[in-house]
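No lab work stands behind these numbers, since they all come straight from the coordinates. For clarity, every value in this text was computed on a predicted model and none was experimentally measured. Backbone-built Cβ (ideal geometry, glycine too); neighbour counts: all protein chains shown.
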Amino acid sequence: MMRQAGRYLPEYRQLREQAGSFLKLCFTPEFAAEVTLQPIRRFHFDGAILFSDILVIPHALGQTVRFEAGEGPRLDPLTSEQAIDRLPLAVDQAILAPIYQTIKTVKPQLDAKTALLGFCGAPWTVATYMIAGQGTSDQAPARLFAYEKPKAFARLIDRLVENSIVYLTKQFEAGVDAVQLFDTWAGVLPPEEFTRWCIEPAARIVDGLRRHRPGARVIGFPRGAGAMLADYVKTVPVNAVSVDWMADRAFVRERIQSRVAVQGNLDPLALLAGGDALDRAVDSILQDFRDGPFIFNLGHGILPSTPIAHVERMLARVRGG
Ligand code: 1CP
């Protein structure tokens with residue numbers, strides 16, 4: 001379940017408080033491993049998701065990243081070409097070492113049938129936070145920057161591509177079975193920009209990763225891609241794509257599931273609603289994707305106010321209980 005560790009779980013809230021800060025939680029392997037395992041113990045999901053965040057890369061590049069309670073992440077925004085060029089070319093791997101240690105701590109605690117999933121943010125999405133300094137409704141600051149200063153923006157994307165290749169390679173070396181590339185803000189890009197800032201960097205990351213780890217399994221998640229998802233799977237050699245809840249399922253079945261595995265796409269609000277609405281939404285997804293390779297999941301992250309009983313109901317329904 002996307003974002004399966006988090007505030008909807010009381011055991012997470014407790015550890016989050018104990019850790020003090022969110023980054024402390026991410027960078028303390030004992031805490032991060034525990035948070036990774038919490039949803040597995042409770043729900044026996046098929047996959048454990050490394051507990052970390054996509055913004056650890058800007059942090060490791062030296063940008064100030066804070067997570068303020070109830071507000072989401074805040075970064076000191078990059079507003080000029082000079083600010084981009086001052087970033088180091090390569091992140092200091094010592095900063096990321098605790099994350100690889102989390103993977104090594106979790107791996108032996110999982111049984112053979114439970115996958116361990118790593119991840120990183122896709123360059124476009126990470127860049128939107130680096131430039132705006134926070135999530136906005138349409139990530140306009142990064143879109144504007146990319147139009148006004150495309151060369152500088154490309155240099156930022158290049159740095160993120162190179163660092164993501166190393167970061168994901170090291171996650172595999174530490175023991176993950178597959179990784180997901182989260183392009184949460186892909187859907188705000190018009191087609192040409194989508195090709196340039198979402199598809200091309202993703203293809204470079206997967207190719208680069210496979211030079212180090214042939215056969216490495218990758219799930220792409222260009223959220224909100226719509227019809228551009230067809231171009232994405234044609235160009236980016238992913239094994240699977242995650243599909244958001246807005247996607248047209250007939251289109252996804254015919255154009256996407258015929259090429260790669262599909263993961264998704266329950267509306268997190270259907271899970272929050274529960275009851276018959278949830279049952280109907282689950283059934284229709286299972287029906288629509290039954291004839292091809294499919295991983296049931298949410299179409300985006302679980303909402304913090306989601307009742308645990310609704311997750312249990314969803315799982316029972318999916319597993320035919
Ligand atoms: O304790 C808290 O309240 C912090 C909430 C939280 C959590 C639980 C944040 C802050 N990050 C995370 C963990 C996280 N983030 C995981 C691991 C958990 C799991 O999947 O089990 C993952 C995979 C992410 C990835 C992530 N972080 C994305 C991509 C996925 C997505 O949901 O779109 C993004 C966009 C972020 C940035 C981020 N970090 C946190 C928040 C609230 C946000 C979104 C901010 C915004 O856009 O306003």
Could you tell me the distance between the Cα centroids of the stretch 13-81 and the stretch 222-238, to the nearest Å?
27 Å
So what is log10(I(q)/I(0)) for the chain at q = 0.07, 0.11, 0.14, 0.16 1/Å, when the Debye sum runs over its Cα atoms only?
-0.26, -0.67, -1.15, -1.53
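What trypsin sites (Lys or Arg not before Pro) does the stretch 273-316 have in DSSP loop regions with at most 16 other beta carbons within 10 Å? Don't jump to the answer; show the numbers that get you there.
Working: sites: Arg280, Arg290, Arg313; in loops: Arg290.
Filter output for the stretch 273-316: Arg290.
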Specify the inter-centroid distance of the stretch 297-321 and the stretch 134-158, based on alpha-carbon positions, in whole Å.
35 Å
Set of aspartates and glutamates with alpha-carbon distance to Lys170 below 17 Å, sequence-local pairs under 8 removed
Asp53, Asp92, Glu162, Asp207
Say the dipole of the stretch 164-321 comes from +1 at the beta carbon of Lys and Arg and -1 at that of Asp and Glu; which of Ser258, Ser242, Ala216 then lies farthest toward its positive end?
Ala216
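Once every DSSP H run of n ≥ 4 in the chain is given -39500 (n - 2.57) and the sum is divided by its residues, what mean residue ellipticity at 222 nm do you get, rounded to the nearest 500 deg cm²/dmol?
Numbers: 14 runs with 150 residues, N = 321.
Calculated from helices alone, the mean residue ellipticity at 222 nm is -14000 deg cm²/dmol.
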How much FRET efficiency would the formula 1/(1 + (r/R0)^6) give for Ala273 and Gln18, where r is the Cβ-Cβ distance and R0 is 45 Å, rounded to 0.05?
0.90
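Give, in nm to one decimal, the length gained when the segment between Arg259 and Glu81 is fully stretched (0.36 nm per residue of separation minus the Cα-Cα distance). Walk me through the intermediate numbers first.
Working: separation 178, 0.36 × 178 = 64.08 nm, distance 3.96 nm.
Gain on extension, Arg259 to Glu81, equals 60.1 nm.
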For the pair Ile308 and Arg7, how long in nm is the line joining their label points, each one 7 Å along Cα→Cβ?
1.8 nm
What is the calculated FRET efficiency for Ile295 to Lys151, with r their C-beta to C-beta distance and R₀ = 45 Å, to the nearest 0.05?
0.70
I need the P(r) histogram for the stretch 164-212: all alpha carbon pairs, bin width 10 Å from 0 out to the longest distance, whole percents.
25, 46, 24, 5
The chain - share of DSSP beta bridges that are antiparallel (%, nearest 5)
15 percent
Using the Cα centre of the chain as the reference point, and only Cβ charges (+1 on K/R, -1 on D/E), how large is the resulting charge dipole? Debye, rounded to the nearest 20.
540 debye
In terms of Cα to Cα distance under 24 Å, which lysines are near enough to Lys149, apart from those fewer than 8 places away along the same chain?
none
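Rg to Rh ratio, the stretch 37-169, alpha-carbon atoms and Kirkwood radius? Each step should come with its number before you reach the end.
Numbers: Rg = 16.6 Å, Rh = 16.2 Å.
So for the stretch 37-169, dividing Rg by the Kirkwood Rh gives 1.03.
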Can you give the FRET efficiency for Ala112 and Asp92, using 1/(1 + (r/R0)^6), R0 = 30 Å, r = Cβ-Cβ distance, to the nearest 0.05?
0.30
Points 7 angstrom from Cα along the Cβ direction at Glu71 and Asp248: gap in nanometres?
4.2 nm
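Could you list the GluC sites (Glu not before Pro) in the stretch 1-106 that lie in coil according to DSSP, counting only those with at most 11 other Cβ atoms within 10 Å of their Cβ? Write out the running numbers ahead of the final one.
Values: sites: Glu11, Glu17, Glu30, Glu34, Glu68, Glu71, Glu81; in loops: Glu71.
In loop regions of the stretch 1-106 (DSSP not H, G, I, E or B), the sparsely surrounded GluC sites (Glu not before Pro) are Glu71.
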